[in-house]
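J.: Can you keep this structure in mind? I'll have questions shortly.
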Amino acid sequence: AVLYRDQGKYERAEPLLREAVEGLRQKLGLAHPNTQTCIRTLSGCYEGMKQPAKAELLWRELAAIVKEKAGADAPAYAAQLAALGANLLQQSKFAEAEPVLRESLAIRDKKEPDAWTTFNTKSMLGGALLGQKKHTDAEPLLLQGYEGMKQRQAKIPADAKRYLIEALERPVRLYDAWGKKDQAANWRKELEALKARASKVKGLCP
């Protein structure tokens, strides 16, 4: 299933993952790390299939069990909230995403203030506000989120580099929606340069 997932063959991976999740639930229980890892993989598969609503149910279930086991102020719980928030953004459920991401950011600001994931969460919260047309509230979060990720981009894993691009796309959308054409153009230029660098690095990979 993971092999199919890595090849982008989500339709072939999904039934295998569902079977694996059911078996793990029965044998090990939801609290077991192996079960949770498999559920995360299945959730990612649904999102790859453009079926985020199915993934949302799994992310909510994982968040609840991690909160119960790790605690309401644990970084692991913040990570699950961030994953749920990202899923809600994919579904354009911006009002629902806002409190989820605020809770995640509050934990990460306290426990992991210098982590790139904290700034990514800040950017996503800005995205939730942007989706609700709260432009003034969204602006500082979007700018701080992107700049923080940019300063820490060497620490971002290769398979997560896309989050930096997403964080830069949000200010472009903000200033376009706000009618601030000059600022939108400046951010769009930086976005195009970042995408060009990312494509060049990808092209150098074997």
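J.: Determine which member of the set 129, 105, 164 is in contact with a Ser or Thr (Cβ under 7 Å, 6 or more places away or on another chain) and closer than 26 Å to residue 190 by Cβ. Working first, answer last.
T.: Numbers: 129 fails: in contact with a Ser or Thr (Cβ under 7 Å, 6 or more places away or on another chain); 164 fails: in contact with a Ser or Thr (Cβ under 7 Å, 6 or more places away or on another chain).
The match here is 105.
J.: Here's a follow-up. Run down 25, 40 and say which single residue is assigned to a helix (DSSP H, G or I), among the basic types (Lys, Arg) and under 23 Å from residue 149 (Cβ atoms).
T.: On the way: 25 fails: under 23 Å from residue 149 (Cβ atoms).
Matching residue, one of 25, 40: 40.
J.: Take the residues of segment 114-163 that are closer than 26 Å to residue 6 by Cα and open to solvent by 70 Å² or more (accessible area, probe 1.4 Å): which is nearest to the chain's Cα centre (by Cα)?
T.: Within segment 114-163, the match that is nearest to the chain's Cα centre (by Cα) is 162.
J.: Is segment 48-59 home to any residue that is under 22 Å from residue 14 (Cα atoms), open to solvent by 30 Å² or more (accessible area, probe 1.4 Å), in contact (Cβ under 8 Å) with a residue 12 or more places away in the chain and not in a helix (DSSP H, G or I)? So that I can check it myself, show each step before the final result.
T.: Just the residues of segment 48-59 that are under 22 Å from residue 14 (Cα atoms), to begin with: 48-59.
Adding the requirement that they be open to solvent by 30 Å² or more (accessible area, probe 1.4 Å) leaves 49-51, 53-54, 57.
Subset that is in contact (Cβ under 8 Å) with a residue 12 or more places away in the chain: 49, 53.
Pick out the ones that are also not in a helix (DSSP H, G or I) and you get 49.
Yes, some residue in segment 48-59 is under 22 Å from residue 14 (Cα atoms), open to solvent by 30 Å² or more (accessible area, probe 1.4 Å), in contact (Cβ under 8 Å) with a residue 12 or more places away in the chain and not in a helix (DSSP H, G or I).
J.: Determine whether segment 95-105 contains at least one residue that is at pLDDT 95 or above, more than 24 Å from residue 46 (Cβ to Cβ) and assigned to a helix (DSSP H, G or I). Before the answer, list the steps.
T.: Going through segment 95-105, the residues at pLDDT 95 or above turn out to be 95-105.
Applying the additional criterion that residues be more than 24 Å from residue 46 (Cβ to Cβ) yields 102, 105.
Of the ones still in play, those that are also assigned to a helix (DSSP H, G or I) are 102, 105.
Checked segment 95-105: at least one residue is at pLDDT 95 or above, more than 24 Å from residue 46 (Cβ to Cβ) and assigned to a helix (DSSP H, G or I).
J.: If I ask for residues that are open to solvent by 30 Å² or more (accessible area, probe 1.4 Å) and on the phi > 0 side of the Ramachandran plot, which ones from segment 60-92 would you list?
T.: Answer for segment 60-92, where residues must be open to solvent by 30 Å² or more (accessible area, probe 1.4 Å) and on the phi > 0 side of the Ramachandran plot: just 92.
The values are calculated or read from the model by the stated rules, or taken from the named source; none is laboratory data. The structure presented is a predicted model; accordingly, all values stated were derived computationally and were not measured. All Cβ positions, glycine included, derive from the backbone under ideal geometry; neighbour counts span all protein chains shown. The area values use the complete protein model at the heavy-atom level, side chains included, leaving out ligands, DNA and RNA. Shrake-Rupley method; radii C 1.70, N 1.55, O 1.52, S 1.80 Å.
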